[in-house]
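This report refers to the structure that appears directly beneath it.
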Amino acid sequence: MKLNATITNLKNKVVSFEDAIRLEDILKQVKDELPYPVYLAKLDNAYRALTHITEHDCSIEFLDLRNQEAWLVYQNSLILIFIKAVHDLFGKKVLITVNNSLNKGLYITSTHKFSQEDIDKVKARMNEIIEADLPIRKEHLTKEGARVLARKQKLSEASKLVESITNIDDIEIYSLDDEVQIFYNLLVPSTGYITMFDIDLFKNGVILRYPHPADPSETAPYEQQDLLYNAFSEATKWGQLMNVNFVCDLNERILYDDVAEMVLMQEALHEKRISDIADMIKERKTRVVLICGPSSSGKTTFAKRLCVQLHVNGFKTLYMGTDDYYKEFHERVYDENGEVDLESIRAIDTDLFMKQIKDLLDGKEVDIPHYDFSIPGKVFGDRITKIGKDELIVIEGIHAMNDELTSNIPDEEKFKIYISPFTPISIDHHNRISTTDARMLRRLVRDYKFRNSPAQRTIGMWPKVRSSEDANIFPYNSKADVFFNSNCIYEFAVLKKYAEPLLKRIKREEPEYGEAQRMLSFLKYFDPIYDEYIIPNNSILREFIGGSVIVK
C-alpha cells in the first residue's frame, strides 16, 4: 500500500513509501534540500528520533540545531561519545559530571585530572568513534534493571532517582558499543551524525564545545565567561549547603517533609547576596544601577528588593523600567519577518531615555512616562519627579547593559548587574537541567496566571524570545560588575503542579505538542511541593506563582 509523508519544512513536499519505514530513510531522500544537518524529527507534532518507524500517512518536520530539542539531542549524543572516549582511554571507573553551559560549550569535570596531552588523545579517540559511524542503540530497562545499571556504574543519584519515580515502569538507556548510559532525551542514530566539536581545558575540567542555534554550520568559538563560571560555582555551593545536588536529593527532602528549612535557607542566601550587592554599590559610589537579564529571570522582584537594601544603606532610590520607553505607535519598527519588533533596542526611544536620565542626574524635574499597551503609547503626567544628589536611579530592562542606552553617562557612574536563574541541581551526573528550561517553565506559569495566556502561546513564541536574547542580552553579560543567581533550588517542585495541567491540555494536533511532551517528560522526575505557605511573599518565585508583595 502506498503511503505519503508530507515534509512540512520543504513546502509540503510529499515523499511516498510502502509499509513501515524509518524516518532516517525518508530523510535520506530530502536531506540535500535542507539548509542544515538534521538530528531529530517532528512526526505529527511529536518529537521522534530518526530511528523511529512510521507506517501511516504522516507529516514530518525535520529539525536542525535551530530547534531547542534537536540541539539537546546533539549535546547528549556528543556527551555519550565523550564518555565513551574517556572510558576507552582511562578506564570505566572515571566518573564524568556535566555541570552547566559555559564558554559556548559544556563545563565538564571528572575524577580524572586532564592534561593537554589527555585532551588531544580524547579528541582523537572521539574522531575515531565518529568516523566509524557506530550505531547508538536505544533499549528499555525495567526500573530494577536501570537501578542495577546505575549501581554498577556507581551513579548513586541515578539509582535513587529511578527508585523514587512512581509514574513510569521502564527507563530508556543508550548503548554505544560497550558503553551503556541512561539518558532522558533522544539521541542520534549513530556517531557519524556528530561532526562538529572541540575540547578546551578550563579550571578543574574541560569545555566541550559544539555548534549553537545562531550558526548551526560550525562549532561555536570559545568565549571566556569568568563571571558566569563564578555564578555557577556559587550556585553549586548553595546546593551543597542545602545538601541538594541532584533531583533525587530534592525529592527526598519533599518525601520526608523536610522542605521548610531548605526554602528558608534559599531565601536567606538570596537576601544575603542582594545585601552584599547593595554594599558593593555603596562602596563604588555609583548613581545609576543597571539590571539586565533574559526573560523570566525575576528582574522586577530583584530590582525592588535591591532598592530596599539600598534604603537600609541610607540611599533613596528611583526605580525605572526601560519598557516604559517604547516608541510611539507611528514610530514602531519591524523585524525581518514584517512583525512589530519589541525586542531590539530599535524599539526603545533611546533619545528620550538618555535625556531624562541625564536631567535627573543634573537635578532637573522630569516627566517619566508609563507605557500603556492598550493605546498603545506613552502616557505622561503621572510621574513628575526629580532626585537629590545622593539618590540612586535603579533601571531594569533587557537593554539595560547596552551602552547605546546610557552612552551619555560616564562608566564610573554605572553599576551593572546581570540576573538569571542558574540551576544548581542536575538529574544525574551527565543529565543536566538547562537554565533555559527553568525560565520557560516560569514564564509559562506566569503568562497563564497573570496574562491569561495559554501554554501554547508561550511555547510558540519561545523560539523568538530566545533569538532575541541571543542578539540583545547575552552579548552584553560580560559587561556586568556582578551576576545574581535568581534560581530557587526548590522551584521545579513548586512550578510542576501549575505547569503540568497546562501542558497536558495541549493536543496532538497542535504544533506545540512536541515541546509540551518534552517538558512533561522532564517534570516527571520531580515530586511536587503542594504547600506554599512556607515560601515568603517577597520571594522571587512569587513573581511567577502569585502572592508577591512586590509584584502586583
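For region 485-535, state which trypsin sites (Lys or Arg not before Pro) are in a DSSP loop and have at most 15 other beta carbons lying within 10 Å of their beta carbon.
Answer by residue number: Arg505, Lys507, Arg508, Lys524.
On a C-alpha basis, how far is the centre of region 104-160 from the centre of region 261-333 in Å? Whole number, if you could?
41 Å
What does the extension gain come out to for Glu163 and Ser16, with contour length at 0.36 nm per residue minus their alpha carbon separation?
My answer for the length gained is 48.5 nm.
As an exercise, use a Förster radius of 30 Å and the Cβ-Cβ distance of Glu412 and Asp323 to find the FRET efficiency, rounded to the nearest 0.05.
Calculated value: 0.65.
Taking 25 Å as the cut-off for C-alpha to C-alpha distance, list the pairs among Lys203/Lys479; Lys143/Lys496; Lys160/Lys496; Lys272/Lys414; Lys42/Lys449 that go past it.
Result: Lys42/Lys449 exceed 25 Å.
For a paramagnetic label modelled at 7 Å from the Cα of Ser521 toward its Cβ, which residues of region 435-478 fall within the zone defined by backbone nitrogen distances under 16 Å?
Counting backbone N atoms under 16 Å from the label point, the list is 437.
Using 7 Å Cα-to-Cβ label points, what is the Ala471/Lys358 separation (nm, one decimal)?
So the label points at Ala471 and Lys358 sit 2.8 nm apart.
What is the calculated FRET efficiency for Val549 to Tyr222, with r their C-beta to C-beta distance and R₀ = 51 Å, to the nearest 0.05?
Using R0 = 51 Å, I get an efficiency of 0.70.
Regarding the chain, what's the average projected area of the Cα-atom convex hull, expressed in nm²?
Over every viewing direction, the Cα hull of the chain projects on average to 26.5 nm².
Between Arg284 and Lys143, 0.36 nm times their residue separation minus their Cα-Cα distance comes to what?
Gain in length upon complete extension: 45.2 nm.
Helix-derived [θ] at 222 nm for the chain: sum -39500 (n - 2.57) over DSSP H runs of at least 4, divide by residue count, nearest 500?
Helices in the chain give a 222 nm mean residue ellipticity of -12000 deg cm²/dmol.
Within 10 Å, at most 11 other Cβ atoms, and a DSSP state outside H, G, I, E, B define an exposed site. Report the longest part of the chain free of exposed chymotrypsin sites (Phe, Trp or Tyr not before Pro).
1-255
May I ask for the angle, rounded to the nearest 10°, between helix 435-451 and the longest principal axis of the chain, with both axes built from Cα atoms and the value confined to 0 to 90°?
It is inclined by approximately 60 degrees.
For Asp177 paired with His370, estimate the spin-label separation in nm (one decimal), with each label point 7 Å from Cα along the Cα-to-Cβ line.
In this crude spin-label approximation the distance works out to 6.6 nm.
Please find the FRET efficiency linking Asn313 to Ser453, where r is the Cβ-Cβ separation and R0 is fixed at 35 Å, and quote it to the nearest 0.05.
Efficiency at R0 = 35 Å is approximately 0.40.
In the structure shown, do any of Lys104/Lys358; Lys282/Lys378; Lys28/Lys123; Lys304/Lys378 have a Cα-Cα gap over 26 Å, and if so which?
Over 26 Å Cα-Cα: Lys104/Lys358; Lys282/Lys378; Lys28/Lys123.
Using 0.36 nm per residue of separation minus the Cα-Cα distance, give me the extension gain between Asp531 and Ser59 in nm, one decimal.
Answer, rounded to one decimal: 165.6 nm.
Which is the longest run of the chain containing none of the GluC sites (Glu not before Pro) found in DSSP loop states (not H, G, I, E, B) with at most 11 other C-beta atoms within 10 Å?
Longest run free of exposed loop sites: 1-335.
How many nm separate the modelled label positions at Val340 and Arg508, each set 7 Å beyond the Cα in the direction of the Cβ?
Taking the simple label geometry, Val340 and Arg508 are separated by 3.8 nm.
Counting other Cβ atoms within 10 Å, which trypsin sites (Lys or Arg not before Pro) in region 7-112 have at most 14 and lie in a DSSP loop?
Lys11, Lys92, Lys93
Laboratory data are not the source of any read-out in this text; all were calculated from the coordinates shown. The structure displayed is predicted, hence computed values, not measured ones. Positions of Cβ are generated from backbone atoms using ideal geometry, with glycine treated the same way; all protein chains shown enter the neighbour counts.
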